[in-house]
Every structure is written in C-alpha cells, then in structure tokens.
Amino acid sequence: MKRFRGFRRLSMGRKKVFPSAAAAIADIPSGAKLLVGGFGLSGVPENLLHAISVLGVGDLTIVSSNVGTAERGLGVLFQSKQISKMIGSYVGENEVFEQQFLNGEIEVELVPMGTMAERLRAAGAGIPAFFTRTGAGTLVQHGGMPQRYAADGSRNVVKTSMPRMAGLYKPPLSPPGSGPSDYILEEAISGDFALVKAWKADTEGNLVYRKTARNHNPAIATAGRVTIAEVEEIVPVGQLDPDAIHTPGIYVDRLIQGERMGVIERLTLADESRVVQDTDTRERIVRRAALELRDGDYVNLGIGMPTLVSNYIPDDVEITLQSENGMLGVGPFPRRGDEDCDLINAGKQTVTALPGASFFSADQSFAMIRGTHCQITILGSMQVAANGDMANYLIPGKFVKGMGGAMDLVASGSRVIVTMEHTDKKGNPKILPNCTLPLTGMRVVSTIITEKAVLEVCPNGNGLKLLEIGDGETIDSVRAATAAPFVVADDLCAMRQ
C-alpha cells in the first residue's frame, strides 16, 4: 500500500493530557482574563477553579453566565478576593459577590445571557461584532448601568456602562410588511484562558458533554487563546463516535481528568415541590397563566413563579417547554432518587426529560429565542408600565440580580406574559404609569396576570384594559392597587381558573 508522508495519527506530537489541574493552570498569571463555562453549578470546571484558588493569582477578569454560590463554583475565587472584574448575566445567588460589588471592591459588567453566548461564539468564529435587538431601549443601549460603586460605603455609582451604537434593521424572520426595529452593536468576547467542563474526552481533545451540563461550554471552548478542559473520563483516540463529538479537539489545548462533583444547586422533587412553593396567591396566578397556553406552543418559563405554570397545564393541551440553558422537552420534577445533577432547568431546579427531548448549547438555545421560534414567554417582574415596559433585574445600590436571559426573551418577538403579585411587600403598586427601575424591555408585555386581575396591554402600548377580576375583588379595589390607569372591558368576567 502506498504511504502518504503527510498523513499521521491525529494525536502524535501533541500531548494535551496534563497530570493535574494544578499543572494545567500553572501559567495563568495575575491580571488574566478567564472565560468560565457552566450554568449555576452545572457544567462548572470546579477542579480547575479550586486549583486557581490555590495558585493565588489575583486581579482576574472573569467572564461567565453565573457567579456560582458563596461556597461553590466561582464562589471560591470571590471568597479569596482574586477577582477584580466580573462580566456576567445572572448574579443573584452569591451574597459574597453581591456585597463585594455594592461595597466597591469589584467592577461588574452585566450582559444579557443570550448576547453573552453570542459574543463568545462570535469570538471563536472570528466575527468582531454583530447587531442584536436584545437590550434596545434599555441601559444596555443607552449606557448608565452601574459598573462600580464607591468604596467608602456610600453606594454611590462611580463608573457606568457606555452607550452602544445602534441602527434600524428589519428582523430576518418577521412577517411580510413588518417594519424595522432598533438593533444595537455588540462586540465579541475573547479571553486569555477558557476553562470548560465536559463529560468525556479523547486524548486528541474531542469533547462530549452530558445533558444540560453542556450549556455555555461549547462557545467558551472556542473563544480562549488557551482552552483547558476538565472532564470526568479520558479515553484513547478512536473510542469516541465522531458523530457524538460536541467540541472538536482543534479548540482544546489542555485536558485534565477531574473528580465528578455531582453538585445540585436546587434539588426539586415531584410532589414535594408543590407543597413548598405553591401558596394560594401564587397558585391562583399560575393556574390562570396556564390557560394562556395553546396546543403545540413552544414556551419558555422564567425562573420563580413562572416555573410553576407547568404544574397546571390543561389536560387537552400539549406544549413543549424550552429552557434557555439548553433543553427542549423539559419534563416534570423527578422523584426522589431519580435526580440528575446534569439535568436542570433555567431556575437550576432538577427536572426530567420527556420523550422527544433534546439538549444543545446555550448559544443555540438563544438562537431559537432570538429567531422567534418560541411562541410564548412567561416571566416575573418587579414593575410593569401601562405601555408594556417591564423592569425585573436591578435596583441600583440595593439589589443586584442581573437580567439573565430575560432581555433576550422579551426582545424576541414572542408573546410576553408577566405573572406577579399585584403589589410589593409594602403594598406599593407594581403596575405603574411608567417604570422607575432600569428597564428589561420597552413595550414588550402583552398580558399581566396577578392574584387580583388579568390586564391586557393594548396594541402599540396604548394603555391597559381590565379583562378579568380576581375572587373577592372589585373594579374599585383593583384600581386602588394599580397606579396606572386602565379601561374596563365590556365583557369583564371573573378570573378563570
């Protein structure tokens, strides 16, 4: 047989497998920019993060969708104060991070989660920038989002975000006759080192992820100058099915085999969950919201109260639940003993997968969302305005949750339903003439469902209409709890359940 000199076994001459996490990260210097995979505590390279903590380098810039908890994930680096800047989306589960931010110890850039996923993917694909509708009309576009607070305890803002360039473009899959929308320019995000977590790898660096632990890892693997993968099992070249490989080895520079952590952030079990979560008020709201779903809909349920809607879907309605961390076909909470740390929803709760379910990366998940492939989004909110504006992610100087994927969801063109209690804990109205908190989206809400009422946002943001009224309520009692004016539908009825 004729032998071609230019051909060789793929793994010859390239030794990617390192003996330990410490060896793989030994050259990370202080001041480095690290891209870190994971969603909540799922798919997080914990062994690599622990090794960086021991290494002791500081002044790190971290790019990651979440900030972990106080003790796990990125929490270990916040505890040791090795991070000087955080670029993230959802930061509401780590009180150590929150206090460091509000006390002026770290700088924070909040980025919509889908935008972050695409900025990472763009970097790996050599695309320097792109336009997106996400964040148009908000502080993301106009600037002014708090990025650093004063270190004197005053909680005065000393640094804010800069405005983005904007332009008018017609959404690619919009109906014929649709007009242009505002789009903003977002730049790619790359890093000095990318740290990812996978299930299996071969010695060539080909990676296979497991279920929703895939999340942001594939995009992050492409966007680092040096990519280090932590995996649970390393096999010889040739033992992975080429069709099953999610990240090709061309993107991976170093491999370590790490202990499987098996951490579950929010263990949520069938039957036990409803007792804990469903108060009479919440049940009334989510039961009514479930009636908005139509057979065949693809639906995204936000974290918190909206997640409970899945418990009350009518028997004659079949929908497909989409979870932004990378899953279609989200099933019920598991029974005790069947939980899986690699199978969670966007609220980090344990779930199951229905027949026909699929798993994919976060950047593909948000492509579904931005591309208007989901018909309905149900979200909670801190405020909703009479014109359909909503605010649900930030109280400057007091509360820092981050927008997560909410800005991407409300900018997608899908129907947005807000489920929330009618007033806050002090009895103040949450339905206002205008939002006073930073906006998540402009004129995006179509329906508001509370324990007191169902209100429709009229077309083109032309005010509110009261459609249904809650048990024990009157038009006057709803008006007293609502700061925004509304008209009453001619066919006003009792709230359906």
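The values are calculated or read from the model by the stated rules, or taken from the named source; none is laboratory data. Keep in mind that this is a model prediction, so the values were computed, not measured. Cβ coordinates were reconstructed from backbone atoms using ideal geometry, including for glycine residues, and neighbour counts include every protein chain displayed. Just the protein is used for accessible areas: all its heavy atoms, side chains included, with ligands, DNA and RNA removed. Shrake-Rupley method; radii C 1.70, N 1.55, O 1.52, S 1.80 Å.
Inter-label distance, Tyr169 to Val263: 3.7 nm, where each label sits 7 Å from its Cα along the C-beta direction. For Ser84, project a label point 7 Å along Cα to C-beta. Then give me every residue of the range 376-397 with its amide nitrogen under 19 Å of that point. Counting backbone N atoms under 19 Å from the label point, the list is empty.
For Gln99 and Ile250, calculate 0.36 nm times their separation in residues minus their Cα-Cα distance, and state this gained length in nm to one decimal.
Details: separation 151, 0.36 × 151 = 54.36 nm, distance 3.98 nm.
Between Gln99 and Ile250, full extension yields 50.4 nm more.
Helical content of the chain, expressed as a calculated mean residue ellipticity at 222 nm, amounts to -4500 deg cm²/dmol (DSSP H runs of 4 or more residues, -39,500 (n - 2.57) each, divided by residue number, nearest 500).
Compute the signed sum of charges (Lys and Arg +1, Asp and Glu -1) over the other residues within less than 14 Å, Cβ to Cβ, of Ala406.
Neighbourhood net charge equals 0.
Carbon and sulfur atoms: what percent of the 1.4 Å accessible area of the chain do they account for? Of all accessible area on the chain, carbon and sulfur atoms account for 50 percent.
Under 5 Å from the amide H of Asn215 lie the amide H atoms of Ala362, each residue being 5 or more positions distant or on a separate chain, with H modelled from the backbone and absent for Pro and chain starts.
Could you order Lys426, Lys348, Lys398 by accessible surface area, starting with the largest, using a probe radius of 1.4 Å? Don't skip to the end; give the middle numbers.
Values: Lys426 180, Lys348 10, Lys398 155 Å².
So the residues, ranked largest to smallest area, are Lys426, Lys398, Lys348.
Helix 46-55 and the long axis of the chain differ in direction by around 70°, with both axes built from C-alpha atoms.
Ordered by solvent-accessible area of protein heavy atoms (1.4 Å probe), largest first, the residues Asp297, Asp253, Asp280 come out as Asp280, Asp253, Asp297.
What you get for the range 228-269, charging only the Cβ of Lys and Arg (+1) and of Asp and Glu (-1), is a dipole of about 100 debye around the Cα centre.
From the alpha carbon centroid of the range 218-277 to that of the range 442-480 is 44 Å.
This model, with +1 at the C-beta of Lys and Arg and -1 at the C-beta of Asp and Glu, gives the chain a dipole about its Cα centre of some 1640 debye. Couplings for the range 121-127, taken from phi via the Karplus curve 6.51 cos²θ - 1.76 cosθ + 1.60 with θ = phi - 60°, read 4, 4, 4, x, 9, x, 9 Hz in order; Gly and Pro are left as x.
Across the range 106-119, computed HN-Hα scalar couplings (Karplus, 6.51 cos²θ - 1.76 cosθ + 1.60, θ = phi - 60°) run 9, 9, 10, 10, 8, 10, x, 4, x, 5, 4, 4, 6, 5 Hz from first to last residue, x flagging Gly and Pro.
Ordered from highest to lowest accessible area with the whole protein assembly present and a 1.4 Å probe, Cys493, Cys374 read as Cys493, Cys374.
Scanning residues 5 or more positions from Thr160 or on other chains, those with amide H under 5 Å from its amide H are Gln147, with H placed 1.01 Å from N in the peptide plane. For the chain, the longest principal axis of the alpha carbon atoms and the long axis of helix 280-290 meet at an angle near 80°.
Derived scalar couplings between HN and Hα for the range 183-188 equal 10, 10, 8, 10, 8, 4 Hz in order, rounded to whole Hz, by the Karplus curve 6.51 cos²θ - 1.76 cosθ + 1.60 (θ = phi - 60°), x for Gly and Pro. If the chain linking Ala125 and Tyr298 were pulled fully straight, counting 0.36 nm for each residue of separation and taking away their Cα-Cα distance, it would gain 59.4 nm. Amide H to amide H distances under 5 Å link Ala453 with Gly470, where only residues 5 or more positions off or on other chains count and H is placed in the peptide plane. Based on the Cβ-Cβ distance of Glu233 and Ser20, what FRET efficiency does E = 1/(1 + (r/R0)^6) give at R0 = 22 Å, to the nearest 0.05? Given R0 = 22 Å and the Cβ-Cβ separation, E is 0.85. With K and R counted +1 and D and E -1, the other residues having a Cβ less than 12 Å from that of Ala122 yield a net charge of -2.
Entry comment: accessible area of the chain is 43 Å² per residue, from protein heavy atoms only and a probe of 1.4 Å.
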